[in-house]
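Just below is one structure, and these are the notes that go with it.
The values are calculated or read from the model by the stated rules, or taken from the named source; none is laboratory data. A quick note: this is a predicted structure, and the numbers were derived from the prediction, not measured. Positions of Cβ are generated from backbone atoms using ideal geometry, with glycine treated the same way; all protein chains shown enter the neighbour counts. These accessible areas exclude ligands, DNA and RNA; they are computed on the full protein's heavy atoms, side chains included. Shrake-Rupley method; radii C 1.70, N 1.55, O 1.52, S 1.80 Å.
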Amino acid sequence: YFANIISGVVKLTKTLSDGRQQVVGLQFASDFLGRPYRPTSPYSAEAVTRIHLCTYEKRQFERLVSEMPGFEHRMFENTLDELDAAHEWMLLLGRKSAQEKVASFLQMVAHRIDAVGCKGRLPGTPLQFDLPITRAEIADFLGLTIETVSRQFSKLKVGKVIGLEGSRTVIVLDQARLQRAASASE
């Protein structure tokens, strides 16, 4: 099967031969899951929030793509967006500091969650969202320790860049400062 995420967040993981798992991506509403034109996907997908999917049997999907050029164009755009995101993630993992990594992660989640659907948020009000994965999974995803991730969350909170409610709810208090924190250490 191949699927389009209508709502929710899906975690992609890769299991190594020794059983260790690595979080390799998060998929949000409007993203596609699966690998058309291949019998299997190299990644495992796990819902990390409540999700709604539109699924297609692979042959049906491949026929749909060939019959609807606009759909094929949309798939190509999605593929290029994912390639751009992979390039940005390589930069993040290879060159960014812990602060930049955590701020980039928060910015990515905030952007992806806010970009889809009607949240009813009034202009000028802070963006609030629940983290789709645990801090341990965030650490794994960013190549950091859980302690480092927690320290960075605390720094952003003390600096009034974000607010935290419990362990999963993030409130972006200063979007411009979060952007700066994601691109260069302050």
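Looking at Ala3, Ala29, which one is assigned to a loop (DSSP other than H, G, I, E, B), aliphatic (A, V, I, L, M), farther than 24 Å from Leu93 by Cβ and open to solvent by less than 80 Å² (accessible area, probe 1.4 Å)?
Among Ala3, Ala29, only Ala29 is assigned to a loop (DSSP other than H, G, I, E, B), aliphatic (A, V, I, L, M), farther than 24 Å from Leu93 by Cβ and open to solvent by less than 80 Å² (accessible area, probe 1.4 Å).
Is it the case that Val170 is outside any helix (DSSP H, G or I), of a type in the set (Val, Ile, Thr) and closer than 13 Å to Val102 by Cβ?
Yes, satisfied.
Does Ala136 qualify as being farther than 21 Å from Trp89 by Cβ, part of a helix (DSSP H, G or I) and open to solvent by 20 Å² or more (accessible area, probe 1.4 Å)?
no
Is there a residue being open to solvent by less than 80 Å² (accessible area, probe 1.4 Å), within 13 Å of the chain's Cα centre (by Cα), at pLDDT below 85 and within 27 Å of Asp174 (Cα to Cα) anywhere in segment 8-21?
The answer is no, given that none of the residues of segment 8-21 is open to solvent by less than 80 Å² (accessible area, probe 1.4 Å), within 13 Å of the chain's Cα centre (by Cα), at pLDDT below 85 and within 27 Å of Asp174 (Cα to Cα).
Return the pair list, or none, for Cβ contacts closer than 9 Å from residues in segment 56-68 that are more than 19 Å from Ile5 (Cβ to Cβ) and open to solvent by 80 Å² or more (accessible area, probe 1.4 Å) to residues that are part of a helix (DSSP H, G or I) and of a type in the set (Asp, Glu), at least 6 apart or on different chains.
Ser66/Glu72
Please verify whether segment 80-102 includes one or more residues that are assigned to a loop (DSSP other than H, G, I, E, B) and either at pLDDT below 85 or exposed (fewer than 12 other Cβ atoms within 10 Å of the Cβ) (or both).
No, the conditions are met nowhere in segment 80-102.
Here are some conditions: (1) at pLDDT below 90; (2) assigned to a loop (DSSP other than H, G, I, E, B); (3) surrounded by 12 or more Cβ atoms within 10 Å (Cβ to Cβ). Thr49 meets all but one. Which one does it not meet?
(1)
Report, ordered by the first and then the second residue, all pairs with beta carbons closer than 7 Å, sequence separation of six or more or different chains, a first member in segment 21-45 that is within 13 Å of Val109 (Cβ to Cβ), and a second member that is open to solvent by 70 Å² or more (accessible area, probe 1.4 Å).
So the pair list comes out as Ala29/Ile6.
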